Each structure stands twice: as structure tokens, then as C-alpha cells.
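Okay, so here's the structure we're looking at.
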Amino acid sequence: MNRRRRIYEGKAKILYEGPEPGTLVQHFKDDATAFNARKKEVIDGKGVLNNRICEHIYTHLNEIGIPTHFIRRLNMREQLIREVEIIPLEIVVRNVAAGSLAKRLGLEEGTTLPRSIIEFYYKSDELEDPLVTEEHITAFGWASPQELDDIMALAVRVNDFMAGLFLGVGIRLVDFKMECGRLWENDLMRVVVADEISPDSCRLWDLRTNEKLDKDRFRRDMGGLLEAYQEVARRLGIMPEQDRPVVSGPTLVQS
Ligand code: TMP
């Protein structure tokens with residue numbers, strides 16, 4: 001597998017050349033990083049869980065007509081994706097105040113926001129992903145006004161889908177980060193959801209207890225990251241093959 005040409009290595013994933021032109025293989029590593037990789041750890045099995053959870057989300061997004069780069073899962077750690085040109089933005093959608101928003105505006109973590117809020121961060125390790133506005137994005141040409149409209153429409157649809165998906169299994173979608181890419185089909189270009197969506201890039205709180213089921217467990221030294229990701233996978237009705245004695249559907253939680 002790993003004799004394929006490596007195209008790019010990020011903090012949590014590696015991209016390899018795909019089997020056909022226009023495709024890539026996205027490999028999920030076990031590396032966990034935070035604070036621009038100043039904090040780093042290897043968490044055995046994280047990549048396997050994120051691969052499965054991401055597959056679950058992107059398969060459903062594709063099914064309901066929200067375009068993504070995802071084609072299919074190949075194995076425990078890898079998925080086949082379409083090659084896209086990544087738009088250099090982290091698109092964060094927030095439903096509940098937490099993390100940097102809570103800090104920046106002095107809000108108590110857990111406060112429900114008056115409405116869902118979309119934020120943009122410019123992807124730059126050197127600059128530590130600064131918060132930017134639509135003005136910066138269009139003035140510097142990171143995305144055109146039309147692309148930005150498409151990105152915001154995608155972000156709202158992904159948020160609505162994911163909030164419902166997680167609510168159905170007793171989890172509150174506090175916020176999440178997504179990335180978009182330009183996909184060319186002949187001469188036509190469209191913006192699609194790219195990269196990954198997993199507990200690494202979301203805040204997921206148990207609906208009843210507010211227990212954190214996401215990467216904040218690592219960022220905040222709480223421990224139990226793998227168990228939390230396993231719990232998310234279990235509730236969604238997906239588990240890595242080796243841990244899956246019976247195939248079960250999602251667990252409905254009564255509120
Ligand atoms: P923040 O509150 O730290 O700005 O994070 C907002 C959301 O974005 C949260 O769900 C975690 C996710 N996120 C990433 O996926 N990558 C990052 O580098 C950061 C800072 C946040």
C-alpha cells in the first residue's frame with residue numbers, strides 16, 4: 001500500500017497517489033496534535049475510528065446531494081477520494097459557544113447561540129490559522145464571492161445534517177470544522193466538501209451528561225480519547241471490523 005507515491009503529509013493524514021488520474025488515497029494516521037502541533041501524541045487506533053466515522057458522514061452527505069470528495073473506503077485506514085484543489089480556509093460552524101469563540105467573546109461554554117454562526121480561518125501554520133472575514137477572503141482571492149456563497153450554503157447543509165444525525169444518537173453537535181475543495185469535471189468546476197469530518201474536527205457532547213466525546217479530551221488532557229471516539233462510532237452503529245461481533249444499527253436515545 002505505502003509504496004504508492006506520497007503527495008502530501010499533514011498532521012493527521014497522508015495523501016497518496018490514487019489508482020486512477022483524478023483520485024487520491026487518504027490515509028488516517030494515529031497522530032493527535034493540538035495548538036499547531038506544539039502538543040503531540042500517538043493514540044493507537046484513532047486513525048481507524050476517524051476513517052470509519054468520516055466514511056459514515058461523507059457517504060450520507062453524498063446520498064443527500066451534498067457533494068464531497070469521498071468515493072469509498074478502501075481499508076481500515078484509507079479511503080479513495082477525488083483530487084480537489086483545497087480552498088485555504090477552515091470553515092467552522094458553531095451552534096453552541098465553546099473553545100475559541102467562548103474565549104474571544106467572553107461567553108460561557110455551553111451557551112446556545114442565537115443562531116448557527118459560520119466563521120472562516122485562513123489555513124496557514126506560520127500564522128496559526130487566523131480568523132478572517134469574507135472581505136479578506138475575496139480581496140486576497142482565496143475564494144471568489146460565488147465560491148464563498150457555495151461554501152456557506154454547503155456549511156449550513158452539512159451542519160443541519162450532522163446536528164440531526166448526532167441528535168438521533170444522543171449527542172449535541174456543538175461545533176465543527178470543514179474544508180472545501182474545487183473539483184473540476186471537464187470544464188465545469190464545483191465546490192465540494194473535502195478533507196475529513198470526524199471527532200478530531202467536531203465538538204460532540206453527550207446530550208444528557210455534556211461529557212465530551214471529541215478531541216477536546218486530548219487538547220484539555222482529559223484522557224479517554226479512544227473510548228470517546230469508540231462511543232461515537234458505537235452510537236452511530238459503526239465499529240472497526242475487529243471490534244464488531246454483531247452488526248447493529250444506530251442506537252436511538254429517547255430524550
Ligand atoms: P475552536 O473553538 O478552537 O476555534 O474550534 C472550533 C472547531 O474547529 C472545533 O470543533 C474544533 C475544530 N478545529 C479543528 O478541526 N482544527 C483546528 O485546528 C482548530 C483550532 C479547531
Pull up all non-local amide H partners of VAL253: gap of 5 or more, or a different chain, and H-to-H distance under 5 Å with H placed in the peptide plane. GLY170
Given backbone amide H placed at 1.01 Å from N, residues whose amide H is under 5 Å from that of LEU113, ignoring those fewer than 5 places away on the same chain, are VAL96, ALA97
Would you compute, from DSSP H runs of 4+ residues alone, the mean residue ellipticity of the chain at 222 nm, taking -39500 (n - 2.57) per run and dividing by the full residue count, rounded to the nearest 500? -8500 deg cm²/dmol
For the pair THR59 and ARG38, the simple spin-label estimate (label points 7 Å beyond Cα toward Cβ) gives in nm 4.0
Using unit Cβ charges (K, R positive; D, E negative) and no other charged atoms, how large, in debye to the nearest 20, is the dipole of the chain about its Cα centre? 680
Reported to the nearest 10 Å², ARG77 has, with a 1.4 Å probe, an accessible area equal to 60
Long-range amide H contacts for ARG203: which residues qualify at under 5 Å (H placed 1.01 Å from N, peptide plane, sequence gap of 5 or more or a different chain)? VAL174, ASP175, PHE176
ASP221 accessible area, assembled protein chains, probe 1.4 Å, Å²: 120
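Show me 95-105, 207-217, 35-45 ranked by packing, highest mean number of other Cβ atoms within 10 Å first.
For the peptides 95-105, 207-217, 35-45, the packing ranking is 207-217, 95-105, 35-45.
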Checking rank on 161-169, 138-146, with mean other Cβ inside 10 Å and highest first, the result is 161-169, 138-146
Relative contact order (percent, whole number), the chain, Cα cutoff 8 Å, 6+ residue spacing: 17
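The values are calculated or read from the model by the stated rules, or taken from the named source; none is laboratory data. Just so you know, these numbers come straight off a predicted model, no measurement behind them. Every residue, glycine among them, receives a Cβ derived from its backbone with ideal geometry; neighbour counts consider all protein chains shown. Quick note on the areas: whole protein, heavy atoms, side chains included, nothing else; ligands and nucleic acids left out. Shrake-Rupley method; radii C 1.70, N 1.55, O 1.52, S 1.80 Å.
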